[in-house]
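Each remark here refers to the structure printed beneath this line.
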Amino acid sequence: MKHTLTVNGTRLEVDVDPETPLLWVLRDQLGMLGTKFGCGIAQCGACTVQLGGVAVRSCVLPVAASAGKEVTTIEGVGATDLGRRIQAAWIEHDVPQCGYCQGGQILAAEALLRTHSHPTEQQITDAMAGNYCRCGTYLRIRAAIAAVAAQGTAHGRNDDGPAGV
């Protein structure tokens, strides 16, 4: 069955079963290998993408559920100012080690910072819960998120609504 997806701003058509997980459509049909397979049960976060700006686990999300919504992958997150600032903070804080989880980590952080430009410690904890890093860079991840949040007011954002990037 044909499905039209909008991935990173580009409309694409794929011919797959509607129950095919979005992860496999991205990787196998569209060649977007930045989204990783981790656990297959939506527990580890390696497969995180954004669907309509919300961080979701693509390993359990049927492709049919993405119809009419913008899908953002790690390949597309740098298209926004916020995404570029997060990527820069990740590098500045030496977050990536093996890099396997980083796509999911960055997309979860971007979704958080777009809705809460100055997140509390609890909001960071909640947003990043279930994004596992086998290399243990959690403190660096939190530092990178805090660094981007500290830049927030310099970019005209506030905590009263979406970041508007």
- Message: Just to verify a result, which residue in the stretch 111-149, among those that are of a type in the set (Val, Ile, Thr) and in a loop (DSSP other than H, G, I, E, B), is surrounded by the fewest Cβ atoms within 10 Å (Cβ to Cβ)?
- Response: Thr120
- The listed residue being in contact with a Phe, Trp or Tyr (Cβ under 8 Å, 6 or more places away or on another chain), in contact (Cβ under 8 Å) with a residue 24 or more places away in the chain and either assigned to a loop (DSSP other than H, G, I, E, B) or assigned by TED's automatic domain parsing to the domain that holds Asp126 (or both), out of Gly34, Gly45: Gly45
- Query: Any idea how many residues of the stretch 36-57 are over 17 Å from Asn8 (Cβ atoms) and not charged (D, E, K, R)?
  - Reply: 10
- Task: Could you figure out which of (1) over 19 Å from Leu139 (Cα atoms); (2) in contact with a Pro (Cβ under 9 Å, 6 or more places away or on another chain); (3) assigned to a helix (DSSP H, G or I) isn't true of Cys59?
- Result: (3)
- Could you figure out which of (1) assigned by TED's automatic domain parsing to the domain that holds Arg114; (2) farther than 19 Å from Leu112 by Cα isn't true of Ala88? (2)
- Query: Here are some conditions: (1) touching a residue at least 12 places away in the same chain (Cβ under 8 Å); (2) exposed (fewer than 14 other Cβ atoms within 10 Å of the Cβ). Glu75 meets all but one. Which one does it not meet?
  - Reply: (2)
- Which residues, counting only those in the stretch 70-99, are assigned to a loop (DSSP other than H, G, I, E, B) and either among the polar types (S, T, N, Q) or modelled with pLDDT of 95 or more (or both)? Thr73, Ile74, Glu75, Gly76, Thr80, His93, Asp94, Val95, Gln97
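For every residue, the table says whether it meets (1) without any contact (Cβ under 8 Å) to a residue 40 or more places away in the chain; (2) not aliphatic (A, V, I, L, M).
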site: Lys69; (1), (2): no, yes
site: Leu82; (1), (2): no, no
site: Ala89; (1), (2): no, no
site: His93; (1), (2): no, yes
site: Ala129; (1), (2): yes, no
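Residue by residue, here is whether (1) of a type outside the set (S, T, N, Q); (2) modelled with pLDDT of 95 or more holds:
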{"position": "Thr137", "(1), (2)": "no, yes"}
{"position": "Arg142", "(1), (2)": "yes, yes"}
{"position": "Thr153", "(1), (2)": "no, no"}
{"position": "Ala163", "(1), (2)": "yes, no"}
- Query: Considering only the stretch 18-35, how many residues are charged (D, E, K, R) and in contact with a strand residue (DSSP E or B) (Cβ under 9 Å, 6 or more places away or on another chain)?
  - Reply: 1
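The values are calculated or read from the model by the stated rules, or taken from the named source; none is laboratory data. All values derive from a computational prediction rather than experimental measurement. Cβ: placed from backbone, ideal geometry, glycine included. Neighbour counts: every protein chain shown.
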